[in-house]
Amino acid sequence: MITRTLRVVKILSVVLRFGLDEIVLSSARRPIPLRLMAIVFFWRDLSAARGVRLRRALEELGPIFVKFGQLLSTRRDLMPPDIADELALLQDRVPPFASDLAVAEITRALGAPPDQLFGSFQREPVASASVAQVHFATLKDGTEVAVKVLRPGILRAIESDIALMRIIATWVHRWSEDGRRLRPREVVAEFDKYLHDELDLMREAANGSQLRRNFEQSALLLVPQMYWDYCAESVIVMERMHGIPISQIDKLREAGVDLQKLSRDGVEIFFTQVFRHGFFHADMHPGNILVSTDPATFGRYIALDFGIVGTLTDFDKDYLSQNFLAFFRRDYRRVAQAHIESGWAPPETRVDELEAAVRACCEPIFNKPLAEISFGQVLLRLFQTSRRFNIEVQPQLVLLQKTLLNIEGLGRQLDPNLDLWQTAKPILEQWVKEQIGWRGFFDKIKAEAPQYAQILPTLPRLLQQSLSSRAEPPPDHSGLLKRLIAEQRRTNLLLGVIVYFGGGLLAGILLVQLLIRLHGGD
């Protein structure tokens, strides 16, 4: 209780010292405690921009608040641009925890100390973040691995700070009309889920394994193998990857990496994940990406840290592809219709009004050369426009927009002349063809074939039962009516036989045609 009280006092002091009350409660009469504390902090300097003050305050409050700020930076549908841009600069700067604690956690999670589990274990960590840190090791057979260990006590610290965030969110919701529009309680709830997902390292290992399987036959992306015998909720062991951090462009150039190809490959990897797999690495900032220096895989991307992934349904992918294609054709009416048809815009929304808003928001972009147009900015502008029409932006699309901005920034850092649209357009158009063309039609039949195989044999029985129930006579009918009913049942049986064999014959013809087409396509 004392610890929590001290934490509350520190948060309030930071809020007042950096003038966050001026930012969040600008449209409200401040609570008496805040007004009294503002008098105590009369000397505070509020000359810095509000985004800068907010970023510095979060950095002072510690790693959990830093991660919260990173999440806020992705909610550009809620945050003003100047604050979102400043929060995007937040980085985890957390000193490593003691190696003895890491050894103790490995021993507890895996049932034996590192000296018994591994051929060798480096006690000094090679990387440290707010949630976990990484040590290098080798297995008994000499395989090089990376051991990721959850920070001890992190769950307790998160629960404590999240509880305080809920209190702050309630204050903001109660006292500020402007703040209420940011939906603070919903944002804190989203952050709570996001952090707890990241704390389960088995989930991260499973994400990495899925991503590796998706790109098993690809020459673009490498994903480390997970060693499941050494994985637990707080410790995972994966293949050690060798490469150059993608942010070190001079080293990449010296190593002979083709930067233009690398930038195009990054775009192709991302859009393949989104539209081919519907499963994408949602934390692809430069710290999580290496470029392979192994001669056998030279120049390929290496993905690390799979705590945050995004998933998209076919519905999401259809929405995105329609919006992107319509936007680059300047078909703003189609963009508006896609929002309403998706159900994300209220059904009473007028298409012409939403079309006009989208046009006013996006038309200025086309004053730039096509190569300078940002996909991320397109989504961002659509999200910002959506606020006026009470459109709920789906969490998976917020993750997508954040990742897309990362990919674009990275790609243009590698190649300033990158034309992202020319790289992405063939992927989008191919996906659309696969969904609405003959190939998509047969793919759907193929996917539904097991269901058809179960349903077809039961159709005659179901039809016969339905017709029999309708022809069931009331008691004491005449003999003529009984004969008619018997005749009806014989007809039902004959009809059932026809349906059974006719349906089977039709299904057989369809399946043969499908196999011929698929075989011809190969």
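Could you please tell me which pairs satisfy a Cβ distance under 6 Å, a separation of 6+ or placement on different chains, a first residue in the stretch 410-425 that is open to solvent by 20 Å² or more (accessible area, probe 1.4 Å), and a second residue that is outside any helix (DSSP H, G or I) and not basic (Lys, Arg)? That search, which allows pairs on different chains as well, returns Arg412/Leu418.
Any residue in the stretch 323-337 that is open to solvent by 40 Å² or more (accessible area, probe 1.4 Å) and either hydrophobic (A, V, I, L, M, F, W, C) or under 23 Å from Leu220 (Cα atoms) (or both)? The answer is no; no qualifying residue exists.
Cβ separations smaller than 7 Å between residues 6+ apart or across chains give the following pairs from the stretch 170-194 residues that are exposed (fewer than 15 other Cβ atoms within 10 Å of the Cβ) to residues that are modelled with pLDDT of 75 or more: Thr170/Arg185.
Here Ser209 fulfils each of the conditions (1) more than 22 Å from Val14 (Cβ to Cβ); (2) buried (at least 19 other Cβ atoms within 10 Å of the Cβ) apart from (2). Applying the criterion of being open to solvent by less than 40 Å² (accessible area, probe 1.4 Å) and part of a helix (DSSP H, G or I) to the residues of the stretch 111-123, the residue that is nearest to Ile64 (Cα to Cα) is Pro114. The requirement of being within 16 Å of the chain's Cα centre (by Cα), among the aromatic types (Phe, Trp, Tyr) and either more than 17 Å from Asn406 (Cβ to Cβ) or at pLDDT 90 or above (or both) is satisfied by Phe275.
The one condition from (1) surrounded by 20 or more Cβ atoms within 10 Å (Cβ to Cβ); (2) in contact with a Pro (Cβ under 6 Å, 6 or more places away or on another chain); (3) at pLDDT 95 or above; (4) not hydrophobic (A, V, I, L, M, F, W, C) that Thr107 does not meet is (1). Pairing each residue of the stretch 270-290 that is in contact (Cβ under 8 Å) with a residue 12 or more places away in the chain and part of a loop (DSSP other than H, G, I, E, B) with any residue that is among the acidic types (Asp, Glu) and surrounded by fewer than 24 Cβ atoms within 10 Å (Cβ to Cβ), provided the two are 6+ apart or on different chains, yields C-beta distances under 8 Å for Gly278/Asp314; Gly278/Asp316; Asp283/Asp305.
Quick one: in the stretch 81-102, of everything that is open to solvent by less than 30 Å² (accessible area, probe 1.4 Å) and part of a helix (DSSP H, G or I), which residue is farthest from Pro245 (Cα to Cα)? The selected residue is Ile83.
Just to verify a result, which residue in the stretch 252-278, among those that are farther than 17 Å from Thr311 by Cβ and of a type in the set (Gly, Ala, Ser), is surrounded by the most Cβ atoms within 10 Å (Cβ to Cβ)?
Gly266
The residue that is modelled with the lowest pLDDT, among those in the stretch 124-141 that are outside any strand (DSSP E or B) and open to solvent by less than 30 Å² (accessible area, probe 1.4 Å), is Ser130.
For the stretch 220-235, a residue qualifies if it is open to solvent by less than 70 Å² (accessible area, probe 1.4 Å) and part of a loop (DSSP other than H, G, I, E, B), and the qualifying residues are Leu220, Val223, Pro224, Tyr227, Cys231, Ala232, Ser234.
The values are calculated or read from the model by the stated rules, or taken from the named source; none is laboratory data. Only a predicted model underlies this, so the values are computations on that prediction, with no experimental measurement involved. FYI the Cβ positions are ideal-geometry reconstructions off the backbone, even for glycines, and counts take in every protein chain you see. With ligands, DNA and RNA removed, areas are computed over all heavy atoms of the protein, side chains included. Shrake-Rupley method; radii C 1.70, N 1.55, O 1.52, S 1.80 Å.
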